[in-house]
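Structure, as structure tokens:
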Amino acid sequence: MAENHPVGFQWVMEARERGATLIHVDPRFTRTSAMADIHVPIRPGSDIAWLGGLIRYVLEKEAYFKEYVVAFTNAPVILREDFRDTEDLDGLFSGWSAKDGEYQVDSWQYEGAGTVPAAGHKHLPAGSTAGADAPDKRPATLQQRDETLQHPRCVFQVLRRHFSRYTPEIVEQICGVPRSLFEKVAEALIRNSGRERTSAFCYAVGWTHHSVGVQYIRTAAILQLLLGNIGRPGGGIIALRGHASIQGSTDIPTLFNIFPGYLPMPTTAHGATLDRYIQGNTSPTGWWSEFPKYIVSLLKAWFGDAATKQNDYLWAALPRLTGDHSHLTTVVDMADGKVPGYFVMGENPAVGSPNAALQRKGLRNAKWVVVRDLAMIETAEFWKSAPEVQSGEVRPEDIPTEVFFFPAAAHTEKEGTFTNTQRLLQWREKAVEPPGDARSELHFVFHLGRRLIEKARASGKERDLLLRSLVWDYPTNGEVEEPSAEAVLTEINGYTWPERKPVKGYTELKNDGTTACGCWIYSGCFAGGVNQTARRRPGREQSWVAPEWGWAWPANRRTLYNRASADLEGRPWSERKRLVWWDAATRTWTGEDVPDIIADRDPSYRAPPGVEGLASIGGNTAFLMQSDGLGWIHAPTGLIDGPLPTHYEPPESVAKNALYGQQCNPARLEYPRRDNLYHRAWDDPTYPFVLTTFRLTEHHTAGGMSRWLWWLSELQPQMFVEISPELARLRGIEHGAWATVSTARGSIEARALVTRRLRPLEVRGKTVHTIGVPWHWGSVGRTTGGSANELLAFVADPNVSIMESKALTADIRPGRVEAARRGPALPLESDPRRDLPQVGQHEMPSQEPLR
Amino acid sequence: MTAAKGFFTDTSLCIGCKACEVACKQWNQLPADGLHFSGNSYDNTGHLGASTWRHVAFVEQTLPAALGAENDSSVGMRWLMESDVCKHCQRAGCLEACPTGAIIRTEFDSVYVQPDVCNGCGYCVAACPFGVIDRRDDDGRAWKCTLCYDRLSDGMTPACAKSCPTESIQFGDVEELRVRAEGRLAQLEQRGVRGAQLYGQDARSQPGTGGLNAFFLLLDEPEVYNLPPDPVVPTVKGRESWTFAGLAAAGMFLTAVAGAVLARSRSIR
Amino acid sequence: MTTVPVHPVPFLGPRELSRDTDGREVDPSLGLLQGEGAAQRVRTPEPHPGHLAPTRLDAAARTPTYYGLPVLQEPVWIWTVPAYLFVGGLAGAASALGAASLIAGGPALERLEIRCRVLGLVGDVLGSGLLIADLGRPGRFFNMLRVFRPTSPMSVGSWILALSGAANGAGVLLGRRRGVLGAAGRVGTAAGGGLGALLAGYTGVLLANTAVPLWQAARRELPVLFVGSGMASAGAVLELFPDSGASRKLTHWYGSIGKVVALGAMVAMERSAPRAPRVTEPLRSGATGALWRAGLALTAAGLFASGLGNGTRRRERIAAALTLAGALATRLAVVHAGKRSARDPRATFEGQRAGMGAAELSRAPVPKPAAFKLPVVR
């Protein structure tokens, strides 16, 4: 965090100065470790074993916060009889269908009740377990519970059994962390959790960029729920995101499978009508029962008067998902010539996305590519300066792609909000006009849309109906006709229709077409017609929560699930850690933060059985968005690869899975292709070392904003890799000399930084070496160098299609790279050792057959 | 004259982000120093110079168990980071060596080089006991940190202190910073941090320079950070040298006179 | 919101990359270059990587270093500076000899006196030229006389050189005249002699008044060395002119004393850091050590060759050549050894740990900046 969020890290330093214990778990000793009290060197890709070990330890020592767990989590809930855990099936859960290559999640459900994932179904391939065919329609509140947590099929006991073998010894075997160190961390965690103290977990892509990335977060969530740290000050799990406003880019999404506010996209298989879509995704209970209001208001925001109840709000004309249109799958389709056009805005996939060579192959096989950026990044120059062009493998004259480059305005040259890690929206003013032809994204998209709408109006075709119906009347100003960002934000906030009077929040949204709202979770950011995101009251003039700095979604609530900071009577667990509480005098919830509970819901209120809608939310509900209002230790639905996290090895590993026969995540997204070769699942003799990628403070992502500046480039002027002295000795690599790192996807050269900050680890009796590779360099800029992403393969987490970039295997040799040589790799049939025989072969639906 | 302003750089709070280096370059619009990969941990800058007025040093140390490893992983590892800067000494070697009067002491008690006076004789470069000031070959003149004289004149904080996210670089009245530094040292010692020391906080601790207006809290010996352990402004040893020069000159003259007398007497005879 | 005229703005593309840049990336159409460092002239953003040239780490090192990188900045002076040391020492010693001849020498030494006077003036002028050539901004050489700063040997020296040049100039131009002007000329010569004596030795102080460990350690020996070496050089040059009798005796005497003093100072200098031998290491090893030894050998050979002063012309000339070569070698050795000493972090660290830093001071200096009571001309 110190390296990649240095400004945010000042608060961690502040906490440390006040006596907090800092524990840093990372394969490398980084600038964060330098400030930490405890550094835990861990093998990349083994964090579920680590966290699972902590869970088991907490359960074993009975150090969990029992009242919290019983009150606010689904630990007491009893599961179905036909549920089978990984302990029973050697690494699989019940319900695996080899034919479909996915899980049927029915058996994961509660006994006697159904559940709906928070914010609906977003399964990637449109499987039968999603949408309207969801298995169990009975309200989640009909669940059966054992408050004593003794029932053999209650979540608590299932959890205990699931992690029973994650002993400190096995953690030492799998993660390479000595037992004493593990226990030291566990004790510190336990000591600092419970009633009077809380602990926070901060994570970044070191946890998410794995084929089991989502399950990493789940394991941390389970641990924090057990310890009673969720929803409490100084607790929680903080996602440190990858760059400025990327939180915003998932909220108002640039993701293929969600609508603004994380509403699900309709698919061709489900949601033919708005009603079916709602039926398939809504929950009868919990706050999510309000969902229809949000989708209708969204459609109203898009189409205004053209969308009416009579025409189902133009639902039928909306595009639908036919399958997985995620980044990796789309690029593969591009490489196969199936995708003619590509807009790349503020992104540099030729350097920043995995298997950079395959990314560029995709670019070469598109008909046209539009790049918007501050500099002529590698993605705009792929036809001229890419490694394969420089080596002569590909000639520019053979590339038919038409590339359009639009200079982009920098963040000081446009106004609008950033939404960063804490869900905080902060308005930015424009300081100067963008120079020359540079324009903001808002300008580009608005005017592109305007021209498309003009064409649509002229064409009169049926397929152009949606374009014609768009509400696109944002006011513009200035010579260049810059659209008003405030107008857009107001629409995102939501207003009555057609008066356009801003609403106070999502509680004012309706499902009858009288409100419009661009993103329900952002509703309230322009309450009263005042730009709440522009507030900048200094912290010293407010309470410690500082609610008048910017605006956080939802409803300016700074800590989510803060109901859990008080007990069942509405009294804070601890006066020292009080956040929200029930004021009996005024009969409302109040506190330092905006309470995450219906304001006047008495803590003693329990919904009568069968009640639906907001009335189903009890005064004891801390997790409003879940259909049963509980923190899900066991996730009965919503995840593709398991209700509980399981230690799976990365698809390319140095060790066999010590716990299960199932080596890797059975539901992982794989792309077996000649241009995406994989290594062996473990013990690959050609690629015996672990490779992990990392970032530097001095550079920014794919380098488009840092490698063009002297002042930043001179701080880290050359591509380098970090290796331990032991690995250097093993391979005969000298400190500072050139070394070549290679995988089956490609080879890059870099200077070798031999440092003790990397240590070989003992894993299952074997010494495991790690190569640390920063991924900032590319072929254009003041400083150029090899891209780490030349080495990575397309393999991803099935829930969110995020690539495995943090744990793979590779080789390193002294000397420079001669050509883009690719070492021997597996034959194209995937390594059977990744999966148990009953898992079968899985294929991505939209791929060409292996050739 | 206003109170003396300076820096207290507390290296126990430095996260090595180099925001200070970049903020300094950006505010002062300094040119780059070239792309040179050093292999010295994350320090590719190397040293202060004519166009680098803030430099972050990195030292990786493996600690023997005896020293009580800071973080208790199975190997004791420590990574020291320090943002180096011109010390703006009370007795400044560069100022006292400058023959053109280009180097002056400002109303903020900082040491400032006037680039319109400097003729690049380079004497200050050799006279600085910390190796701070340097002459840029392209340009010919000597340059160093100005303590953001332009910002101070407008009541603002120097760029490096402003940008430091963890307040490792603290700006203020030197007197007040001294008190703060003593308190911080005591606090660290109480926490069991061994080897922490203040560097140059007053004339008593660093008699050779009279104390530094930009002083430090270090976590190890000065040499580890490339700081001289007992720096002295060369001028204070000048009297000795002048004495011998004077004696030698007198000797030369007397020799010449004696020789002339002798030669004359010989020639008469 | 101000509008900026729409014009093609240099965009960060491959063409911009290949263009020479000043390493600031500030587009003048978008930003004003008004920072303190904006005036720094840049030809290429790739200056000397001297900072990053590490010295070899030694197992025998008594102190840690920072990757072997230098702690000090090495002196930036070019070859004209050791050349000036040679010329200035020679000129100063010649002026002193000339003044002494004028005062105490009588008519027999008149020719010698004239030669010394001219040698002094030529040396002053040539020396000034050499110094100006070393300046980073030679056009601003006159700023040397902008102030008089007693703490700075360079300031004092600049004034000495300027005044010496004026005095010697007066001496040369007016010394032969009659009357008041002649008297003024003779005063000039006498003054030039006094100044010349200082001129020969102040450069030693100048070098010693730096942070360079070797020079600071040898702060007593260096002025003496330069004075002696100056005397030897002056004597050697003068011996190249045909002369006889008193002049020859005088120049021989002068030069020999000079050589003895110089040799003694050199030997003493090698012992100037007994507690920290690293400081004087450049005098013992490497190219600088070889140069130093050459200086010693040549000067000694010159002393030996000139003998008791009654050898042949040819021997005299050989001795003179050897002496001059020795003096030049010594100056070069001192300057380069100093630079090497500055580059060696261990010299500074070990020297200071051995008590050669502020610990040497008998009492702490006043912690306030030195007050300049003498007028500072702006």
Cα Rg, Dmax (largest Cα-Cα span) when computed across region A:495-627, Å
16.3, 48
The relative contact order of chain A, taking Cα pairs under 8 Å that sit 6 or more residues apart, comes to a percentage of 17 percent
Sequence neighbours fewer than 8 away in the same chain don't count; with that in mind, list the aspartates and glutamates whose C-alpha is under 17 Å from B:Lys144.
B:Glu21, B:Asp33, B:Asp84, B:Glu96, B:Asp109, B:Asp116, B:Asp134, C:Glu36, C:Glu74
Give the calculated FRET efficiency between A:Thr767 and A:Glu187 to the nearest 0.05, with a Förster radius of 25 Å applied to their Cβ-Cβ distance.
0.35
Subtracting the Cα-Cα distance of A:Asp100 and A:Thr401 from 0.36 nm times their residue separation yields 104.7 nm
Can you tell me the FRET efficiency between C:Glu360 and A:Thr308 if r is taken as the Cβ-Cβ distance and R0 is 60 Å, rounded to the nearest 0.05?
0.05
Enumerate the whole-percent occupancy of each 5 Å bin, from 0 to the last occupied one, for all C-alpha pair distances of region A:1-147.
2, 7, 10, 13, 14, 14, 12, 11, 11, 6, 1, 0
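Which shape class, rounded, prolate or oblate, goes with the protein assembly as shown when its Cα gyration tensor gives a ≥ b ≥ c as root eigenvalues, a/c under 1.5 marks rounded, and past that a/b bigger than b/c marks prolate?
It comes out prolate by the Cα gyration axes.
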Mind jotting down the three principal axis lengths of chain A based on Cα atoms? Whole angstrom, largest first.
75, 70, 58
Using the Cβ atoms and a cut-off under 13 Å, what net charge is assigned to the surroundings of A:Val205, where Lys and Arg are +1 and Asp and Glu are -1?
-2
Förster radius 30 Å - calculated FRET efficiency between A:Thr322 and A:Lys137 (Cβ-Cβ, nearest 0.05):
0.70
Excluding ligands, DNA and RNA, what is the accessible area buried between chains C and A, summed over both sides, using a 1.4 Å probe, to the nearest 100 Å²?
1700 Å²
Quick one: give the max-minus-min coordinate of the C-alpha atoms of region A:595-741 along each principal axis, largest first, in Å.
71, 48, 32
Residues of B:14-23, mean number of Cβ from any other protein chain within 10 Å of their own Cβ, rounded to a whole number?
6
Give, as a single signed number, the net charge of other residues whose beta carbon lies under 11 Å from the beta carbon of C:Trp77, with Lys and Arg counted +1 and Asp and Glu -1.
0
Determine the share of chain C's accessible area contributed by carbon and sulfur atoms, expressed in whole percent, with a 1.4 angstrom probe.
65 percent
Farthest towards the positive end of the dipole of region C:80-352, among C:Ala319, C:Thr203, C:Gly123 and with Cβ unit charges of +1 on Lys and Arg and -1 on Asp and Glu, lies the Cα of C:Gly123
Mind checking the full-extension length gain between C:Leu173 and C:Asn310? Use 0.36 nm per residue of separation minus the Cα-Cα distance, one decimal, nm.
45.9 nm
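Net charge near A:Arg540, counting Lys/Arg +1 and Asp/Glu -1 over other residues with Cβ under 14 Å of its Cβ?
-1
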Rounded if a/c under 1.5, otherwise prolate or oblate - region A:42-126, Cα gyration tensor axes:
oblate
Treating only the Cβ of Lys, Arg, Asp and Glu as charged (+1, +1, -1, -1), what charge dipole size does the protein assembly as shown show about its Cα centre? Round to the nearest 20 debye.
6840 debye
Of the peptides A:479-485, A:524-530, B:25-31, how do they stack up when ordered by the mean number of other Cβ atoms within 10 Å, highest first?
B:25-31, A:524-530, A:479-485
Is region C:80-352 best put as rounded, prolate or oblate by its Cα gyration tensor, with a ≥ b ≥ c the root eigenvalues, rounded for a/c under 1.5, and otherwise prolate when a/b is larger than b/c, oblate when not?
oblate
Of the residues C:Val156, C:Val205, C:Val147, which exhibits the maximal mean-square fluctuation in a Gaussian network model of chain C defined by a 10 Å Cα contact cut-off?
C:Val147
With all protein chains present, how much of the accessible area of chain A (probe radius 1.4 Å) comes from carbon and sulfur, to the nearest whole percent?
53 percent
Å² of accessible area per residue within the protein assembly as shown, as computed with a 1.4 Å probe and no ligands counted
37 Å²
The correct ranking of B:Asp139, C:Asp22 by accessible area at 1.4 Å, largest first, is C:Asp22, B:Asp139
Over both sides of the A-B contact, add up the buried accessible area with a 1.4 Å probe and give it to the nearest 100 Å².
3500 Å²
Which pairs, out of A:Lys338/A:Lys455; A:Lys414/A:Lys510; A:Lys461/A:Lys510; A:Lys137/A:Lys504; A:Lys430/B:Lys18, put more than 30 Å between their alpha-carbon atoms?
A:Lys414/A:Lys510; A:Lys461/A:Lys510; A:Lys137/A:Lys504
Relative contact order for region C:80-352: what is it in percent, counting Cα pairs under 8 Å that are at least 6 residues apart?
20 percent
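Counting only Cα atoms, I'd like the Rg/Rh figure for region C:243-298, Kirkwood definition for Rh.
1.20
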When the accessible area of each residue in region A:422-455 is compared between its chain alone and the complete protein assembly (1.4 Å probe; ligands, DNA and RNA ignored), which residues differ by at least 30 Å², being lower in the assembly?
A:Glu433, A:Pro435, A:Gly436
Kirkwood hydrodynamic radius over Cα pairs of region A:270-381, then Stokes diffusion coefficient at 4 °C and 1.567 mPa s, in µm²/s
76 µm²/s
For region B:5-232, what ratio Rg/Rh do Cα atoms give with a Kirkwood hydrodynamic radius?
0.96
Per-residue mean of C-beta atoms belonging to partner chains within 10 Å, peptide C:85-97:
2
Taking all protein chains as present, what is the carbon and sulfur share of the accessible area of region B:5-232, in % to the nearest whole number, probe 1.4 Å?
48 percent
Between B and C, accessible area buried - total, square angstrom, nearest 100, 1.4 angstrom probe:
9000 Å²
Output the relative contact order of region B:155-206, whole-number percent, from Cα pairs under 8 angstrom with separation of 6+ residues.
21 percent
Take every Cα-Cα pair in region A:379-509 and report what % of them are more than 16 Å apart.
75 percent
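The values are calculated or read from the model by the stated rules, or taken from the named source; none is laboratory data. Not measured: the values here are computed from a predicted model. Cβ: placed from backbone, ideal geometry, glycine included. Neighbour counts: every protein chain shown. The protein model used for the area step is the full one, side chains on, heavy atoms only, and it has no ligands, DNA or RNA in it. Shrake-Rupley method; radii C 1.70, N 1.55, O 1.52, S 1.80 Å.
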